[in-house]
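J.: The structure follows.
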Amino acid sequence: MPTYNKLVRDRIPDTIEKSRKRFRAMTLDESTYEKELKVKLKEETDELLKAKLREEQVEEMADLLEVVYALGKLEGIEPGEIEHVRKKKRTERGGFEERIFLIDVEE
């Protein structure tokens with residue numbers, strides 16, 4: 001029996017049950033959940049960085065957003081609030097389209 005020891009999406013146990021496989025799972029307390037979400041954030045970031053095909057990249061970006069939204073929810077931060085701040089920062093500071101790489105700044 002493979003061991004996973006990782007946070008999974010809510011419907012994964014249903015999928016496993018439908019395949020008639022046995023499994024063990026548990027519900028995490030809030031502290032452990034937050035810790036595991038941060039582990040998942042790194043996992044999803046690594047998967048995005050390794051993704052080659054466009055379809056894979058879109059899937060990993062969606063997974064990454066899901067984890068960010070879950071972390072936000074722990075702090076009472078809604079996706080709309082994140083998007084609002086993102087747009088505000090983009091208006092004030094710009095995005096990354098111009099590919100500017102800052103080397104140094106004279107003091």
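The values are calculated or read from the model by the stated rules, or taken from the named source; none is laboratory data. These numbers were taken from a predicted model, which means no experiment stands behind them. Note: ideal-geometry Cβ built from the backbone for every residue, glycine included; neighbour counts use all protein chains shown.
J.: What are the residues in segment 1-58 that are among the hydroxyl-bearing types (Ser, Thr, Tyr) and either without any contact (Cβ under 8 Å) to a residue 12 or more places away in the chain or more than 17 Å from TYR69 (Cα to Cα) (or both), if any? Full working, then the answer.
T.: Taking segment 1-58 and keeping what is among the hydroxyl-bearing types (Ser, Thr, Tyr), we get 3-4, 15, 19, 27, 31-33, 45.
The answer is THR3, TYR4, THR15, SER19, THR27, SER31, THR32.
J.: Please verify whether GLU44 is out of contact with any strand residue (DSSP E or B) (no Cβ under 7 Å at 6 or more places or on another chain) and part of a helix (DSSP H, G or I), treating the condition exactly as stated. Steps first, please.
T.: Working: out of contact with any strand residue (DSSP E or B) (no Cβ under 7 Å at 6 or more places or on another chain): yes; part of a helix (DSSP H, G or I): yes.
Yes.
Here is a yes/no grid of residues against (1) in a loop (DSSP other than H, G, I, E, B); (2) over 20 Å from ARG9 (Cβ atoms); (3) at pLDDT below 95; (4) of a type outside the set (Phe, Trp, Tyr):
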position	(1), (2), (3), (4)
LYS40	no, no, no, yes
LEU48	no, no, no, yes
GLU60	no, no, no, yes
TYR69	no, no, no, no
LEU102	yes, yes, no, yes
VAL105	yes, yes, no, yes
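J.: Please go through segment 77-105 and give me each residue that is among the small types (Gly, Ala, Ser) and surrounded by 10 or more Cβ atoms within 10 Å (Cβ to Cβ), ordered by number.
T.: Of all residues in segment 77-105, those among the small types (Gly, Ala, Ser) come to 80, 94-95.
Result: GLY94, single match.
J.: Still on this structure: Name the residues in segment 72-100 that are more than 22 Å from LYS38 (Cβ to Cβ) and assigned to a helix (DSSP H, G or I), would you?
T.: GLY80, HIS84, LYS87, LYS88, LYS89, ARG90, THR91, GLU92, ARG93
J.: So MET26 passes all but one of these: (1) surrounded by 11 or more Cβ atoms within 10 Å (Cβ to Cβ); (2) in a loop (DSSP other than H, G, I, E, B); (3) out of contact with any helix residue (DSSP H, G or I) (no Cβ under 6 Å at 6 or more places or on another chain). Which condition number does it fail?
T.: (1)
J.: Yes or no: TYR33 assigned to a helix (DSSP H, G or I), in contact with a helix residue (DSSP H, G or I) (Cβ under 6 Å, 6 or more places away or on another chain) and aromatic (Phe, Trp, Tyr)? Before the answer, list the steps.
T.: Details: assigned to a helix (DSSP H, G or I): yes; in contact with a helix residue (DSSP H, G or I) (Cβ under 6 Å, 6 or more places away or on another chain): no; aromatic (Phe, Trp, Tyr): yes.
So TYR33 does not fit the description; no.
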